[in-house]
Amino acid sequence: MTVPKKLFIKTYGCQMNVYDSERMAEALGGQGYVETQSPDDADMILLNTCHIREKAAEKVYSELGRFRGLKDARPDLKIGVAGCVAQAEGEEIMRRQPLVDLVVGPQSYHRLPELEAKTRNGDKALDTDFPPEDKFEVLKNRPKSKRAPAAFLTVQEGCDKFCAFCVVPYTRGAEVSRPADRILSEARDLVDRGVREITLLGQNVNAYHGAGATGDLTLAGLIWELDKIDGLERIRFTTSHPNDMGDDLIEAHGTCAKLMPYLHLPVQSGSDRILKRMNRSHTAESYLRLIERIRAARPDILMSGDFIVGFPEETEADFQATLDLIEEVNYGYAYSFKYSTRPGTPAAERPQVDDDVASERLQRLQALITRQQRSAQDAMVGREVSVLFEKPGRFDGQMVGKSDYLHAVHVKDSGAAVGDIARVKIVSSGANSLAGERV
Ligand code: SF4
């Protein structure tokens, strides 16, 4: 009997990287690899990296350095770097860190089996191309196994927006939408494997414009096609740009029962002066009016956002405009970060805000968001929600799942199995989750 080789993947960054890591594990599954939770017994270690944070590359180099002992003890161990840092740094990674055997960019990971074979021959393997073949097609014939009930499905990659702080257009390339028939067949396959909720992923997902049977489909068109799949109960999508929220997508939030009432719609700043410098192509006012229209279509929708605090040249007045916008929107959730320079982006060259000032602003913004988030959660107490159960909880009979609004919900004596969807009455609200009882 052949002993399977062990693969340890460490994933950084966004959900798209989580999706990519799953595909990489499937690609290497065909080479006899099974996943392991620890690098200590792995035959291959892959770091699936993210370039969104400052000094991302430096952090990858220091993480790689920690594997030196393992490589010294087991020279056959293969170490690879994938994702956006691999794309940005390329060959430089192997030059600076000779421990690395393999470097693969986000558009080439379907070529992992060939690259892995190359490393087994003692060669270094590098692929940071934007290859002509469709990586999703190449990967679709990999071994299939039962899946967790909630899954990600990439429908679109890359971005043409060129926000002044963002590396995505450089590391993931121009915007490309996958053809609808391939997405639908992947979705059907996921449902056959036990998936009941699919989150459609894309760096600018609502710009989706993939070929359908009778012409290009918008994201709303794709959602309506997915809506027809029996067994698929919930649809979500992330991450969206305000300028690509088409009328049909807003309307779908009001009319498509499978489209969940949660929308992540980043605005980044509430100051028009800063939005212009960010090259966001929308204003605070246009964003607020958009949210009004979305809430008119689906009044109970839970809004989530992204904020960058301390963007170059941000004044106290600019920051106050951001706080005002947050007050007006009333978010159920938000991600917020202090601006950090990303080499190669236009904003990296501009006068930076003092770090202490930016830190203090971030604290104020996060205090406001936390208050809003907490009150959105508290407002759920006494309400009935539907919960998709994803895993057993810490206590006997307890199950943990997600509500339609994406809140984590713990249910005691649920009598439910993983993958069940049930009505739950929310009885209390904790720091980051809700507790409920089956109705
Ligand atoms: S829209 Fe999003 S992915 Fe595209 S450049 Fe702006 S921040 Fe980056």
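Structure values in brief
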item	result
Test result for LEU99, in a strand (DSSP E or B), more than 21 Å from the chain's Cα centre (by Cα) and at pLDDT 85 or above	no
Residue that is most open to solvent (accessible area, probe 1.4 Å), among those in segment 397-433 that are touching a Ser or Thr at 6+ places or on another chain (Cβ under 7 Å), part of a strand (DSSP E or B) and not small (Gly, Ala, Ser)	ARG423
Every residue from segment 195-220 that is modelled with pLDDT under 95 and farther than 20 Å from GLY83 by Cβ	GLY210, ALA211, GLY212, ALA213, THR214, GLY215, ASP216
Set THR255, THR238: member being of a type in the set (S, T, N, Q) and crowded, with 21+ Cβ neighbours inside 10 Å	THR238
Qualifying residue in segment 252-263 (condition: under 24 Å from the mean Cα position of the chain (by Cα) and within 16 Å of the ligand (Cβ to nearest atom))	yes
Failed criterion for GLU292 (all others in (1) closer than 24 Å to ASP404 by Cβ; (2) in contact with a Leu (Cβ under 6 Å, 6 or more places away or on another chain); (3) of a type outside the set (A, V, I, L, M) hold)	(2)
Scan of segment 189-235 for residues that are within 16 Å of the ligand (Cβ to nearest atom), hydrophobic (A, V, I, L, M, F, W, C) and either out of contact with any Ser or Thr (no Cβ under 9 Å at 6 or more places or on another chain) or open to solvent by less than 10 Å² (accessible area, probe 1.4 Å) (or both), ordered by number	LEU200, LEU201, VAL205, LEU219
LEU263 open to solvent by less than 10 Å² (accessible area, probe 1.4 Å) and either of a type in the set (Val, Ile, Thr) or closer than 22 Å to LEU388 by Cβ (or both)	yes
Search result, residues across segment 347-374 that are over 19 Å from GLU316 (Cα atoms) and open to solvent by 60 Å² or more (accessible area, probe 1.4 Å)	GLU349, THR370, ARG371, ARG374
Test: residue in segment 128-145 that is modelled with pLDDT of 85 or more, more than 16 Å from the ligand (Cβ to nearest atom) and open to solvent by less than 50 Å² (accessible area, probe 1.4 Å)	no
Residue in segment 370-385 that is basic (Lys, Arg) and closer than 30 Å to GLY194 by Cα present	yes
Subset of segment 283-296 [under 11 Å from SER269 (Cα atoms) and surrounded by 17 or more Cβ atoms within 10 Å (Cβ to Cβ)]	ALA284, TYR287
Options ALA358, ALA317; residue that is over 27 Å from CYS84 (Cβ atoms), modelled with pLDDT of 95 or more and part of a helix (DSSP H, G or I)	ALA317
Every residue from segment 146-178 that is modelled with pLDDT of 90 or more, open to solvent by 40 Å² or more (accessible area, probe 1.4 Å) and of a type outside the set (A, V, I, L, M)	PHE152, ASP160, LYS161, PHE162
Members of segment 159-188 that are in a helix (DSSP H, G or I) and either β-branched (Val, Ile, Thr) or within 16 Å of the ligand (Cβ to nearest atom) (or both)	VAL168, PRO169, TYR170, THR171, ILE183
Count of segment 48-72 residues which are in a helix (DSSP H, G or I) and either within 30 Å of PHE311 (Cβ to Cβ) or open to solvent by 80 Å² or more (accessible area, probe 1.4 Å) (or both)	10
Answer residue from segment 264-276, given it is within 16 Å of the ligand (Cβ to nearest atom) and touching a helix residue (DSSP H, G or I) at 6+ places or on another chain (Cβ under 9 Å) and is nearest to GLU314 (Cα to Cα) among those	ILE274
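The values are calculated or read from the model by the stated rules, or taken from the named source; none is laboratory data. Everything quoted here is computed from the prediction, not taken from an experiment. Positions of Cβ are generated from backbone atoms using ideal geometry, with glycine treated the same way; all protein chains shown enter the neighbour counts. The area values use the complete protein model at the heavy-atom level, side chains included, leaving out ligands, DNA and RNA. Shrake-Rupley method; radii C 1.70, N 1.55, O 1.52, S 1.80 Å.
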